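What follows is one structure encoded as structure tokens, with my remarks underneath.
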Amino acid sequence: MAETGTAQPDLVSLQRWMQGAILGRGAAPGVDRVIAGDERLTAAQRLTLYARGYRARLMECMTAEFPCLRALAGEQVFEL
């Protein structure tokens, strides 16, 4: 957690928040309360970096596991 001395969200709430942030359901409210920023990256930049990496890893797995589906759907549709 980024700030000390503030109320910590329960695990379920934190997981739901993170899932929403990763899936891109709009802005991630309270990102500065959940993720620590520093002089290199802000909290929002860290979240964006994580979300992009998460999506890239999922696409890598999907591509390896479902090559026929990718060929049938076409790369553009498959990567939506």
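The values are calculated or read from the model by the stated rules, or taken from the named source; none is laboratory data. Being a predicted model, the structure only gives us computed values, none of them experimental. Ligands, DNA and RNA are stripped out before the accessible areas are found, and what is left, the full protein with its side chains, is counted by its heavy atoms. Shrake-Rupley method; radii C 1.70, N 1.55, O 1.52, S 1.80 Å.
Take segment 32-60 and flag every residue that is charged (D, E, K, R) and within 18 Å of Leu80 (Cα to Cα).
Answer for segment 32-60, where residues must be charged (D, E, K, R) and within 18 Å of Leu80 (Cα to Cα): Arg52, Arg55, Arg57, Glu60.
Taking the residues in segment 18-31 that are modelled with pLDDT of 85 or more and open to solvent by 50 Å² or more (accessible area, probe 1.4 Å) as candidates, determine which candidate is farthest from Leu80 (Cα to Cα).
Among those residues, the one meeting the criterion is Met18.
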